[in-house]
């Protein structure tokens, strides 16, 4: 049986790779995690053999592996969300032609869990397991708009509101106004706030207690989505509602967790 320190180091490496999408070299990981290069190299090779990390043939750098992603999805499967949502996402994609995503909020960041490819190919860095800030994504705004005020403030203070593009909302008062609009119309909008040329529409998924446990979004080039913003936004909101109802959400009995204006 391995000693606890080795287990801790393995978990530290996996957590870092999960929270920092992309490829990482041994020396970069060693510096970031304050571990010796020889230790990182040894542990990565063990993780590679087990499928928890993968290594690029071109760069020899490492990234999170399929086995690690599958473990995360298996844990989330206890909520039945990943079993219920796919058919609804497929219907949304069939109707709009655009790609759809499902995500949860973890440590103040949006984490992508499911993707249903649309009829049209889109270029996006949003891959399964990757993370995005909450303040500038339609998914994240769906969470923020349904959080208690103090919780939302705490999250934004802790994570900050850095600019991803020239369109990112970085002013807190402006974001509060944006979140008020999310609650009013039932869906959130990201107009090129994360990636230039990409637009997303999102809505929250609630459980039987009325708590937002996930969110879905529809993504596509701004030139295609913008002319259909209201139509697609209402469809995204309706799809999120359908998934919520399948999870036991009852609107008239659910606890109201809407964020009040500051």
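Every number here is computed from the coordinates shown, using simple stated rules; none is lab data. Note that the structure is a prediction, hence the values are computed from the model and not measured. With ideal geometry, Cβ positions are generated from the backbone for all residues, glycine too; neighbour counts draw on all protein chains shown.
Full extension of the chain between residue 28 and residue 151 gives 40.9 nm of extra length, using 0.36 nm per residue less the Cα-Cα distance.
Relative to the longest principal axis of the Cα atoms of the chain, the long axis of helix 37-50 makes an angle of roughly 70 degrees.
Extension gain for residue 90-residue 181 works out to 30.1 nm (0.36 nm per residue, less the C-alpha to C-alpha distance). Angle of helix 149-159 to the longest C-alpha principal axis of the chain, folded into 0 to 90 degrees and rounded to 10: 40°.
Treating r as the C-beta distance of residue 229 and residue 67 and R0 as 45 Å, the FRET efficiency rounds to 0.70. Overall shape: oblate for the range 140-207, with the ratio a/c of the largest to smallest alpha carbon gyration tensor axis at 1.5 or above and b/c at least equal to a/b. Between the helical axis of 172-185 and the dominant principal axis of the chain, each derived from Cα atoms, what acute angle in degrees is found, rounded to the nearest 10? On a 0 to 90 degree scale, this one is about 60. Taking every C-alpha pair closer than 8 Å and separated by at least 6 residues, the mean separation divided by the residue count of the chain gives a relative contact order of 16 percent.
Cα extents for the range 4-65 along the principal axes, largest to smallest and rounded to whole angstrom: 32, 23, 21.
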